[in-house]
Amino acid sequence: MHQLRLFFTALQFFTRLPIPRWVGFDPAWLNQASRYFPLVGVVVALIAGAAYALAACFLPAPVAVVISTAVGIYTTGAFHEDGFADMCDGFGGGMTPERVLEIMKDSRIGAYGAIGTICMLGLKLVTLSLLPPLAAIGALLVAHPLSRLMATSLIWRLDYARAEGKAKPLAQKMLGSEFLIAAITAIVPALVVIELRWLPPAALVSGVIVVAIATWWLARKCVRHIGGYTGDCLGAVQQVTEVMFYLCALASFQHGALPV
């Protein structure tokens, strides 16, 4: 029952989805809820995948992708996209750790954030629309929990860079056993998708390698610029690694535009 309450706490923190009233709330649960961040990703992926499947029954794939993405963003309240935009602004315009954190805390979006968000969303929409329909659904089911696992790895390995902030309740260092729970919830949907043959194994293998490298690179930038992570950094890692997995999935299905 306690684990179920932790999951619902994570669901409430990371999405707009309602939770049962009997769950209650305890601030201490937020410190332990990050273990279910990837499981929240499974829920978001199921919603986005269902929206894509329903729309694709009546509309072309590109339109279904836009509808699916919009539904996913609405489900999360653009929580991660906002973090990505803030990190683009902060790391693009800040010269000192203090200035970077100040810019990231500003609710207004700047040129770096706007351009980054447009490019990121455009890349996500185009990549998913070029995948076969079942592969697109499979990519959603793998990328959402996997990308959230990558964001969770920052909580596991890095220090929180602010004295306060929207991710402060999650800022307590994770235990290895807690991260293992998060990893299992990200691995299971990937294995199911591979078993259903919605994605080739090469997509999963290359995707895991590439998102791990991207996470390592972003984590280094976070440590170098601000000495740790913030909630915006978690959102940025989630968004970047989600798109990177879609790119790997697409690359596993077709060759590039130019012959090699």
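Every read-out reported here was derived from the displayed coordinates using simple, explicitly stated rules and does not represent laboratory data. None of the values given here were measured: they were computed from a predicted structure. Cβ sites come from the backbone with ideal geometry, for glycine too, and all protein chains shown count toward neighbours.
For the chain, hydrophobic long helices are taken as DSSP H runs at least 20 Å long by C-alpha position along their axis with mean Kyte-Doolittle hydropathy of -0.5 or more; these are 37-56, 61-76, 79-93, 111-130, 133-157, 176-195, 201-226, 231-251. Eigen-decomposition of the gyration tensor built on the alpha-carbon atoms of the chain gives equivalent ellipsoid semi-axes of 28, 23, 18 angstrom, largest listed first.
Express in % the proportion of alpha carbon pairs of segment 129-256 at distances exceeding 17 Å.
Numbers: 4663 of 8128 pairs.
Summing the P(r) of segment 129-256 above 17 Å gives 57 percent of all pairs.
Using alpha carbons only, the radius of gyration of segment 1-114 set against its Kirkwood radius gives Rg/Rh = 1.08. Peptide packing for 208-214, 93-99, 146-152 was compared via the average number of neighbouring C-beta atoms within 10 Å per residue; ordered from the highest value, the list is 146-152, 208-214, 93-99. Calculated [222 nm] ellipticity per residue, helices only, for the chain: -25000 deg cm²/dmol; basis is -39500 (n - 2.57) per DSSP H run with n ≥ 4, divided by all residues, nearest 500. A Förster radius of 41 Å, combined with the Cβ-Cβ distance separating residue 1 from residue 159, puts the computed FRET efficiency at roughly 0.80. In terms of the mean number of neighbouring beta-carbon atoms within 10 Å, the peptides 101-111, 70-80 order highest first as 70-80, 101-111. Overall size of segment 83-144 from C-alpha positions, given as principal axis extents largest first: 45, 19, 18 Å.
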